[in-house]
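Nothing in this text is a laboratory measurement; each read-out follows from the coordinates by a stated rule. Since the structure is predicted, the reported quantities are computational estimates derived from the model, not experimental observations. Because the Cβ atoms are built from the backbone with ideal geometry, glycine has one as well, and the counts that use them run over all protein chains shown.
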Amino acid sequence: MIKELKFVCSECGAAFTPKSGVHYRDNYLNTSVADTAFICDRCIDAWHAKWQIKTATFHEKDCVMTADILLADGTDIQKIDCTPIEEEGIVVLGEDVPRFAQEELFKFYTAWDLERKKNILKECSFEAEFMRTTVTCDTFGGERCEQIAFRVSRKGELETEKPLPDYVKEQVLEQYGIYEDRAEIEEFMRKKQDE
Ligand SMILES: [Zn+2]
């Protein structure tokens, strides 16, 4: 049966003729095209105009990420649930946001993520030679230490041949503990095999 459908915007109630393509709210419960919630171009334009992001900051607590977003029109959105999707380069919010704004949010997210990780070690390796152990490591922020000789004092503090920032020292000490434990286990296994 052929029927005619008049487009009526589900947001503003105006009748409209789509210019190119037609926007609608996806709803899997719909069984007929007549049930579809269409959205007119004017409402879409207004939606795009609204989502001009001025700034965005992020928080992560108990594995839940939220964002505080300030829009150019002054709208202040606090603690909205969000999910960064690295593969797509977007941040998805708990509400409908245009794609370009999702991409813009991802830029803010990347900057924030780098800032929180910048002092964290990305790589850390040790080399043990005769009477000399060195560490090579770098942080997410791009700081790099190349083959710095060190020892662990009796007090359990890290003493290095060249001064290192405290946040690097702490992490090197922690990594060295893991490294030594592993070396001990390997040594033990070797002896076991030799027996
Ligand atoms: Zn409308």
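Summing charges over all other residues whose Cβ lies under 15 Å from the Cβ of residue 120, with Lys and Arg as +1 and Asp and Glu as -1, gives -3. Eigenvalues of the alpha-carbon gyration tensor of the range 59-159, scaled by 5 and square-rooted, set the equivalent ellipsoid semi-axes at 42, 14, 11 angstrom, largest first.
The sum of -39500 (n - 2.57) across all DSSP H runs of n ≥ 4, divided by the residue count of the chain, sets its helix-only mean residue ellipticity at 222 nm to -10000 deg cm²/dmol. Of the GluC sites (Glu not before Pro) in the range 84-126, the ones in a loop by DSSP (not H, G, I, E or B) with at most 11 other beta carbons within 10 Å are 86, 87, 95. Ignoring the sites themselves, the chain has its longest run without chymotrypsin sites (Phe, Trp or Tyr not before Pro) in a DSSP loop having at most 11 other Cβ atoms within 10 Å at 29-129. Of the three principal axes defined by the Cα atoms of the chain, the extents in descending order read 87, 45, 27 Å.
All Cα-Cα distances of the range 113-195, cut into 5 Å bins from zero to the largest, leave 3, 13, 23, 23, 15, 10, 7, 4, 2, 1, 0 percent in each bin in turn.
When both bridge partners sit in the range 51-117, DSSP labels roughly 100% of those beta bridges antiparallel. Hey, how many Å between the Cα centroid of the range 147-195 and the Cα centroid of the range 10-59? Taking the Cα centre of each part, the range 147-195 and the range 10-59 sit 58 Å apart.
Given the pairs 117/162; 54/169; 79/162; 122/162; 107/162, which span a C-alpha to C-alpha distance of over 32 angstrom in this model?
Working: 117/162 24 Å; 54/169 38 Å; 79/162 43 Å; 122/162 20 Å; 107/162 36 Å.
Distance filter (> 32 Å) returns 54/169; 79/162; 107/162.
The ellipsoid equivalent to the alpha-carbon distribution of the range 51-117 has semi-axes of 17, 13, 12 angstrom, derived from the gyration tensor eigenvalues as √(5λ) and listed largest first. For the chain, the dipole from Cβ point charges (+1 on Lys and Arg, -1 on Asp and Glu) about the Cα centre works out to 500 debye, to the nearest 20.
Quick one: helix 99-117 against the long Cα principal axis of the chain, what's the angle to the nearest 10°, folded into 0 to 90? The angle comes out near 20 degrees. Between the residues 109, 8, 36, the greatest Cα displacement towards the positive end of the dipole of the chain, with unit charges on the Cβ of Lys, Arg, Asp and Glu, is found for 8.
For the chain, the longest principal axis of the Cα atoms and the long axis of helix 166-194 meet at an angle of about 60 degrees.
To the nearest 10 degrees, how steeply does helix 41-50 sit against the main Cα axis of the chain, on a 0 to 90 scale? Computed tilt is about 30 degrees. Taken over the Cα atoms of the range 1-66, the convex hull encloses 138 Å³ per residue. Restricting the trypsin sites (Lys or Arg not before Pro) of the range 1-105 to loop positions (DSSP other than H, G, I, E, B) with no more than 13 neighbouring Cβ atoms within 10 Å leaves 3, 6, 19. Of the residues 133, 75, the one with the fewest other Cβ atoms within 10 Å heads the list, and the complete ranking is 75, 133. Check each of the GluC sites (Glu not before Pro) in the range 1-78 and keep only those in coil by DSSP with at most 10 other C-beta atoms within 10 angstrom; list them in order. Here the GluC sites (Glu not before Pro) that fit, given the DSSP loop and packing criteria, are 4.
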